[in-house]
Amino acid sequence: MKARRLSSLSLLLLPCLAWSCVGGMTLGEHRRELSQQVNHYFEAAMRCDMEYEQASAEANLVFASNDMERGRYLAAREHMLITRRYVDLLRASLDGRDECFSDRVMPPPPPCSPENLEVDCDHPNCRNHPSCGPCGTSDTVDCAHPLCFDDPRCAPCTAYSGVIDCAHPNCRGREECQPCTVDNPTIDCAHPNCAANPACAPCTELNPTVDCTHPNCAAAPGCVRVTVERRYVVVTETQIEINQQINFATGSDRIVGRESFAVLDDVVSVLTQFPTMTLEVQGHTDNVGRQAFNMQLSQRRADSVRRYLIEAGIDASRLRARGYGPDSPIEDNRTEEGRAANRRVEFHILSR
Amino acid sequence: MSSQELSRAAVDVQVATRAAGESGAVYEVTLARLYLDKAREEWGYNRYRTSLAYARSARQHAREAEERVRQADGRRRGGR
């Protein structure tokens, strides 16, 4: 009995589901109304981040339409209700937001506002804007004002600041910022400004050039003047005069005696001090014995001395050896002292 | 009808979702997902013809989503 009553009730409800039952409208009317609203919000939803809600409303409306066409009214009604909820959501989120609707002309946001960061110093909004204060758009910039601290026009070496800061890129090229000036004490020895700077003198850290005429270079390696105390030689205009004779073994060219070598070492030191000097080593004898023998002996003794000097490091090209025999006596050969003086070696300067 | 079209649609929607990320082509991706869900639902009711239609629509929306993401990427690169 109860079941029969229910089935007859459902038979009565079916036409109601087909034709209305959604807020007093038929499903078709309801669908049309929803369709209009969904279309109405499309553009605004796409513009204002409501794409998900818009897509959901549209899809459910399509599903509702398809269900209606196939006579599935209950399913269609469910989809329409879902659509309705999304449309309500769109309405609540988008209505009143004019920026979401392109057909509504919006006045541009005023300058110096969060929506418009442009600065228009004539606009009241911008009255307190930093760039409209003493560092505003006018040409009279007050660089002393704290607000102007970061203003590019107040950077060093600009027309407004008058400040010179040689470390600032703006000041590059300024005459005041050249090296060795008051504003730029940096020393650049290659710069003409620094020519007279003591730090750029020769033989300094900044200028390692050696100039032996400069007092700074007195201790420089190439400038050291060696003053050697020589006991046995004196350099004259034409000779290296020796005050101690070089002794040889009798009738031989073998040099003997410690002092003989000391004399020769002094000669070596002179030749070292004057590296361009060239010498002739002369060998002389007394007149005792045969002329030919004496000539030969004097030549051998001169050669022996030359050889010693070469072994001591003197270049051979700077030395010439020549034996004169008894032909150039300096004392009387008739006395023993005279003969002893005539047996000698001399060092004649050929060139300095 | 086999379930191939449903599978294809599922893959396309997945690819479009990945391509779009979280903030790209939300409209198209949402449509594609809803149509795919609907296609599966219809399949469950053995309404294969309707399911096929929804699956095709899902694939179409997935393609549109990818196209929109591509265009957005192109604009971003061009703007740099």
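The table for this structure:
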read-out	value
Residues of region A:54-74 buried by at least 10 Å² on assembly (accessible area, 1.4 Å probe, chain alone as reference)	A:55, A:56, A:58, A:59, A:62, A:63, A:66, A:67, A:70, A:72
Values of log10 I(q)/I(0), in the order q = 0.10, 0.11, 0.13 Å⁻¹, for chain B under a Debye, Cα-only, solvent-free model	-0.25, -0.30, -0.40
Region A:276-352: C-alpha gyration tensor shape, a/c 1.5 cut-off, then a/b vs b/c	prolate
Interface burial for A against B (accessible surface, 1.4 Å probe, total of both chains, Å², rounded to 100)	1200
Within the accessible area of region A:228-272 (1.4 Å probe), percent carbon and sulfur	45
Per-residue mean of C-beta atoms belonging to partner chains within 10 Å, peptide B:31-37	4
Rounded Å value of the spacing that divides the Cα centres of region B:36-61 and region A:73-98	23
Average projection area in nm² (convex hull over Cα atoms of region A:210-352, one quarter of hull surface)	9.6
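The values are calculated or read from the model by the stated rules, or taken from the named source; none is laboratory data. Everything quoted here is computed from the prediction, not taken from an experiment. Counting neighbours? That spans all protein chains shown, and the Cβs are built from the backbone with ideal geometry, glycine included. We work out accessible area using only protein heavy atoms, side chains counted, and drop any ligands, DNA or RNA first. Shrake-Rupley method; radii C 1.70, N 1.55, O 1.52, S 1.80 Å.
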